[in-house]
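Everything on this sheet refers to the single structure shown next.
The values are calculated or read from the model by the stated rules, or taken from the named source; none is laboratory data. Quick caveat, the model's predicted, so the values are computed rather than measured. A quick note on method: Cβ atoms are made from the backbone with ideal geometry, for glycine too, and the neighbour counts reach across all protein chains shown.
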């Protein structure tokens, strides 16, 4: 009696692991006809499915959008955007994937998260923030979401002022 039960449990687990990739492939095909990412668009709809990407937005009045990472990874750099005066709402879903979200410095960020066997981390510096807020609504299922401010080397790459080791000021 015990052997058939173990066999049945193993079969259910195997089917449960095999079905999600087929849904991911179906979603990837469905999204294949959509236009390319617009770096200056005020709203975004980005998906990385069985892939990885590194994109940067320069929106003048960013309002938010949707991000899907399914069996893939994405670095989404929003450090160069200006948040719309009414604020912005970004819906994030990571299923067996990951997102590195870089947000503007000085922007209030509110992270709402739900994680199942995954994690969502808010590492933003919320001191001295003002202006319209960016709300990040994140779902992580066997994946991860990191929300952070730009690191020093990323700020330097933007041509912003950086202080060198010898104390002189320079930029890239």
Among the residues of segment 51-68, is any more than 19 Å from residue 36 (Cβ to Cβ), over 15 Å from the mean Cα position of the chain (by Cα) and buried (at least 22 other Cβ atoms within 10 Å of the Cβ)? no
Are there any pairs with C-beta distances below 8 angstrom linking a residue in segment 101-127 that is over 13 Å from residue 150 (Cα atoms) to a residue that is surrounded by fewer than 16 Cβ atoms within 10 Å (Cβ to Cβ) and at pLDDT below 90, with the two at least 6 apart or on different chains, and if so which? 108/126; 108/129; 108/130; 108/131; 109/126; 109/129
